[in-house]
Structures are given as C-alpha cells and as structure tokens.
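Everything below concerns the one structure shown next.
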Amino acid sequence: MCGIVGYVGPRPVTDVLIPGLSRLEYRGYDSAGIAVHGGDTMTVVKRAGRMSELEAAVAGLDVNGGRGGVGHTRWATHGAPNTTNAHPHQDCAASVVVVHNGIIENWAALKSELVARGHSFASDTDTEVVAHMIEEMADLPLAEAVRQVMKRADGALALVVMRVQDPDLIVGARRHSPLVVGRGDGENFIASDIPAFLEHTRDMVVLDDDRVIEVRPESVTITDLDGNPVEVRERKIEWDFEAAEKGGYPTFMLKEIHEQPDAIADTLLGRVDASGQVQLKELELDDRLLRAVDKVFVVACGTSYHAAMMAKYAIERWTRLPVEIDIASEFRYRDPVLDARSLVVGISQSGETIDTLAAIRYARAQGSTVIGVSNVVDSALARESDAVLYTRAGPEIGVAATKTFTTQLVVMQLLGLYLAQVRGSMDPGAIEQLVTEMRTLPEAVKSVLERDDEIAKIAAEFGDVRDFFFLGRSGDFPVAMEGALKLKEIAYVRAEGYAAGEMKHGPIALIEPGVVVVGVATDNHVKSKTLSNMEEMRARGGTIVLVVEEGDGDAKEVADHVIEVPRGSDLLCTVTAVVPLQLLAYHIATAKGLDVDKPRNLAKTVTVE
Ligand code: M6R
C-alpha cells in the first residue's frame, strides 16, 4: 500500500506534490520520491525515510519551472526500503518515469525478457519493469503503451506514468488498487487517495478497474484496455481532511477492518497458483532443509500469538510435525530444546517487538532455521531471519491489530500447506481443495462485513456488561482469544478467552446472570462439543452470543444472539470467524465514546522487555 500523487497544471509542481504526499504518508512511509517534467527533461529526486527527508532534498532544487510531475510514498513489498528502490523508477534512457502501488505478480518473467533484450535494471522492485516496457514502445502514444503494459502485467496495480516526449500528460491505470482523479480549472490531479488533492479541488472522477486515464491540464479521458472511450463519472467530495484520510470511516480501526478483503487478496497474490499449489518463492529455503525439519516452534506476542495458536493446529494437522507455540517473552527463559532440525517461525506485525526478536535470536544461536512473518518490509525481524514471509496488509494505524491478524492467519495457513506440499504429507488433491477455498476468503470476509449493523445492534445491548468470556475449541480457540483481547484493549472490559472445554475446571464458577459468553463454533469436528459447553453457560444464567456457520440450526436453540459467517473448512474459517468479534469489540468501545485508534496504556510497537 503506497501513496501516489500526480499533477499537471500551472502551479509550481513541488508545491502540489510534496504536501500531497505528506497527506498520504498514512499509506506508507519508508521512502518517497518525485519526478518533475521540465519540458524536455525530467528531474527525479528520491530519499529513503520519512517525507521530511524528501522535503529537505527538494527544497534546494530549482524544479519549479515544471509543467507536471508525479510523486510516491512507499510501503515496500519488493526490495528493501532504500533510496534506490524508492519510486519513481526509470527506463535505461531516463525517458520514462513510473510510480506504482500494488504487486506485479509476473514481474520476474517480464524482467528476464527485458534483460535478455539488453535492458539494465537499477532497482530490486517489480515496478521498474513497467518503465522498461514503455521504453520499448516509444513509437506508441503513451496511453496505448500503458494499455499494453496492463494487458501483460498480472496482479493488483495502480500505475502513473510520464514520458519526456509528452509534456503536460500523465497517464494512469488501475486494477484492484485505488486511483482517483481530481478535476481543477486548467489543472488536474491523480492520486491513490482523495486527501492528496483535497485542498485544491472537491471534484473527483471515479476510475474503475482495467481503465486507462489520460490526464492533461484541460482534459481527462478514460478508455478501457482496448482503447474504447469510457464515460467519465464525476463526484463531489463532501469529506473534510480527517474523514478523507480515513476513507470516510470514523476511525482508522474501522477502515482497517473493512480493508481486510483487499489485504487478504493481496496476501494471497502470486502465492496460490491456478493448479492449486502453494508458491512461496520468496522463502528461498532449500526444500531439503524443510524436509529435514523434525519440529516446528512458533513464537509471537499479543494478537500475533493468536495467529501462532492457529498455526499449531494447521501445521500439525497438515504436516504431522510436532509444533510448539510460545509467547515470545517466555521462550528463551524456559530453555527450549532446539537444534539444527528445528524450524522456528517468529510472527510480528511490526517486526520490531523486542520479545519476538530476542526469541528468534536465541533460536538462531542454537543453530535453528528461522522464518520471520512480518507486515513491515526490512523490519528487524525480516533482516534477522533466514527467510521471510510478508503479510501484505499495508500500514496499520489503529493500535488494535485487525487486518494484520487475518493476513497472518492466511500466511500461516499458506506456510502449513507449503510444508505439507514439500514434505508430501498431504494428498495434493486435498491441498488443491484448500487452496481453491482460500481464494474465496476475501469474498467471504466481505459478506461478514455486511453484517456490521446486525453486530452493532447486539453490541448496543452490552454497554454496561463488565464480564465477558470468549470460548472456542480447536481453530475456534485462537479466534476466541483474539475476540477477548480486542474487547480488553479497546473497550477496557474484562474479557477472558478460554478453551470451551476448560470452563468446567474452574472458571464456570464465575458464570452468573449479567455475564456475557461469546462462543465460536465454526470448527465442525468439535462444534457439537462447543455447543454443549455453551448450554452449560446458559444454564448458569450467562447471556450467550454464538458465531456459527450460515444455516446452523442447532445454534439458535442455545444462543440469545447468533452471528453467522459463511461455511468453510475448519481452520480456514478462523479468518472469517474473527471479523464479527473485531466489530463487536469496536461497537462496544465506540458506544462508550472511547478512542479505539489509540487505546490507553498501549503502543503500536513494543520495543521494551
Ligand atoms: O508487532 P507485533 O505483532 O509483534 O505486536 C505484538 C503485540 O504487541 C500486538 O499484537 C498487540 O497485542 C496489539 N495491540 C493487538 O491488537
């Protein structure tokens, strides 16, 4: 998730690009760059780090005679976040500049072709292939060259391109990544999000997928990928800046909850192929090493630990390898038995949590192989692991993890299936079935999000409740734990996550009228047992909320409130089942007037022991 801004018109270009990019820093902030078209040359300035670095670099330059330009603030997905990999990217002749948001899945194949034809690459990014492809089409109009690129590039992408021979023209294109146009008087803007141009215009043009847009100071033209004209649809923006940054949602947390279908789709991109196999090329670990592994450890903290809990069920079930999971702060102090045949997976959204880093450092010192799972490219976890798998959720601003959790679940499921594939522990047909189902997760999550009003109504009944239990078994257990953590951290309510079957060994003594018990019963091989446990809670006066699969008649008998999620395989269902619990916590907290984006006493990244 990166931020793009483009401008053509009479204003000093950097006066539009720099503030526009600063407004988009919430979309990514590891490096930034601009290109300004000066009529017959293009000036490119890029810097690693926050926008302030770029601002300082641009301040000393005389680029304000420019007629248009593009800018980018980056959230790395391919290549380390340094100045070389910062956008814009250029071709060999420095005649094309490209900024890009998204992932070009087949970039490696495209790059090999271009290298074979003599192109040399300056960066490690997928984006740079676009600049070289357009360089080869110098005789075509720029919009047509971009259409050709869109036809060859797979994946989710928003592109904005300028070419030295076309002053006053910016060409953009989008597929599954946002791109909007702002219309001004004798000037126009293109950006990945509205805040970038909101101070200049409130007239916006909506761009659909697989469209190419030509933006000139006086005109905006949209075509489909065959060059057929498409009607330009305009909209008036009513939002203020704050609302625009949050995409119209009242909080970042709600926005991030609603971003989950896209975040999951991005996380799956290029990792599941049409033949039903899992492809984790970025893992770069020898299959022989993965086959020799005799034990897996997963270490993490907080929400990431709940993803580790799910991973235990998944990896054990699919690979038959024993899996131990540890809260990272406990790991090295319990003197775990590790050796060269141990595979240790560290999960951390930020990749900077000190407890998780200490745990993986300890594991490496024992000779074990470490895989890091992080949402931040080149984080300490990524740098210090033998291999890394990124969740591709984009920056998460709300302190409570939501989209990074569901994408961690997806990555750990992919890793489990990949290990099963490499080790031959599972029938390929069964892997294919699960992979095919994983592709439907974004839609399944979308359908749960449509139940938001229903969940808000249930939450409205719980404003004064002081005690909650969240219960589940098997894959539903980590979901219950995560539901309880969400409620604790944003609504400041006591909420215990428990294995449903464990209640009778003590905690059931706390159940009485006024206590709310949220049960998660989507894992079919234990569902009937969970429902019996919920009967036990109801018999003691608890108010029962149940998260079950659609059409699950049994649940209605047991529960005061039922929230349905789409049917799905055990363990994959964790991804959908947690979404109502995020929304439940959200609505309980906001009804109390609490700041869910910045809960008290918490930090987004915990760098102390
Ligand atoms: O960045 P990490 O995933 O390592 O962070 C771990 C925990 O600090 C984090 O999950 C925390 O529990 C969040 N507040 C959960 O919403």
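Points to keep in mind about this one:
- Sorted by Cβ density within 10 Å, fewest first, the residues Asp476, Asp154: Asp154, Asp476
- Cα gyration tensor shape of the range 246-439, rounded if a/c is under 1.5, else prolate or oblate by comparing a/b with b/c: oblate
- Within the range 148-219, percent of DSSP bridges classed antiparallel, to nearest 5: 95 percent
- Helical runs (DSSP H, four residues minimum) scored at -39500 (n - 2.57) apiece and divided by the length of the chain put the mean residue ellipticity at 222 nm at -10500 deg cm²/dmol.
- From least to most packed, judged by other beta carbons within 10 angstrom and beginning with the fewest, His176, His525 follow the order His525, His176.
- For the range 140-153, backbone phi angles converted through the Karplus equation (6.51, -1.76, 1.60; θ = phi - 60°) give residue-by-residue couplings of 8, x, 4, 4, 5, 4, 5, 4, 5, 4, 4, 6, 8, 8 Hz, Gly and Pro being listed as x.
- Set of the range 11-41 residues, backbone N closer than 18 Å to the point 7 Å along the Cα-Cβ line of Glu218: 11
- For the range 3-244, a simple Cβ point-charge model (Lys and Arg +1, Asp and Glu -1, everything else neutral) yields a dipole of about 260 debye relative to the Cα centre.
- Multiplying the residue separation of Ile327 and Ala108 by 0.36 nm and subtracting their alpha-carbon distance yields 75.1 nm.
- Residue among Ile104, Gly519, Ile458 farthest towards the positive dipole end of the chain, charges placed on Cβ: Gly519
- Sequentially through the range 475-492, phi angles give Karplus couplings (6.51, -1.76, 1.60; θ = phi - 60°) of x, 6, 5, x, 5, 4, 4, 5, x, 5, 4, 4, 5, 4, 6, 9, 10, 6 Hz, Gly and Pro residues having no value and appearing as x.
- Using θ = phi - 60° and Karplus 6.51 cos²θ - 1.76 cosθ + 1.60, couplings along the range 262-272 (whole Hz; Gly, Pro as x): 5, 4, 5, 4, 5, 5, 7, 3, x, 9, 10
- Taking a ≥ b ≥ c as the square roots of the Cα gyration tensor eigenvalues, the chain comes out prolate, since a/c reaches at least 1.5 and a/b is larger than b/c.
- Global geometry of the range 137-192, whether rounded, prolate or oblate, following the gyration tensor of its Cα atoms and the 1.5 cut on a/c: oblate
- For the range 3-244, alpha-carbon Rg over 2.2 N^0.38 Å: 0.91
- With contacts taken as Cα pairs under 8 Å and at least 6 residues apart, the range 3-244 reaches a relative contact order of 20 percent.
- Listed by chain and number, the aspartates and glutamates placed with their C-alpha closer than 15 angstrom to that of Lys592 are Glu461, Asp464, Glu489; residues fewer than eight positions away on the same chain are left out.
- Per-peptide packing, taken as the mean over residues of other Cβ atoms within 10 Å, places 416-423, 365-372, 137-144 in the sequence 416-423, 365-372, 137-144 from highest down.
- Cα-based reach from Lys236 at 25 Å (exclusive), listing lysines while leaving out same-chain residues under 8 positions away: Lys246, Lys255
- Residues Arg117 and Arg320, FRET efficiency given R0 of 51 Å [Cβ-Cβ distance, rounded to 0.05]: 0.60
- Residue pairs, from the table Lys295/Lys598; Lys151/Lys281; Lys281/Lys488; Lys46/Lys403; Lys403/Lys529, whose Cα atoms sit over 27 Å apart: Lys295/Lys598; Lys281/Lys488; Lys46/Lys403; Lys403/Lys529
- Ordering of 7-16, 38-47 by burial proxy (mean other Cβ atoms within 10 Å per residue, highest first): 7-16, 38-47
- For Lys312, Lys151, order by how many other beta-carbon atoms lie within 10 Å, fewest first: Lys151, Lys312
- Packing-based ranking, highest mean first, of 226-234, 156-164, 107-115 given that Cβ atoms within 10 Å are counted: 156-164, 107-115, 226-234
- Qualifying chymotrypsin sites (Phe, Trp or Tyr not before Pro) for the range 458-558 [loop in DSSP, other Cβ within 10 Å: at most 12]: none
Each reported figure results from applying straightforward, stated rules to the coordinates on display, with no laboratory input. The shown structure was predicted, so the numbers you read here are calculated from the model rather than taken from an experiment. Every residue, glycine among them, receives a Cβ derived from its backbone with ideal geometry; neighbour counts consider all protein chains shown.
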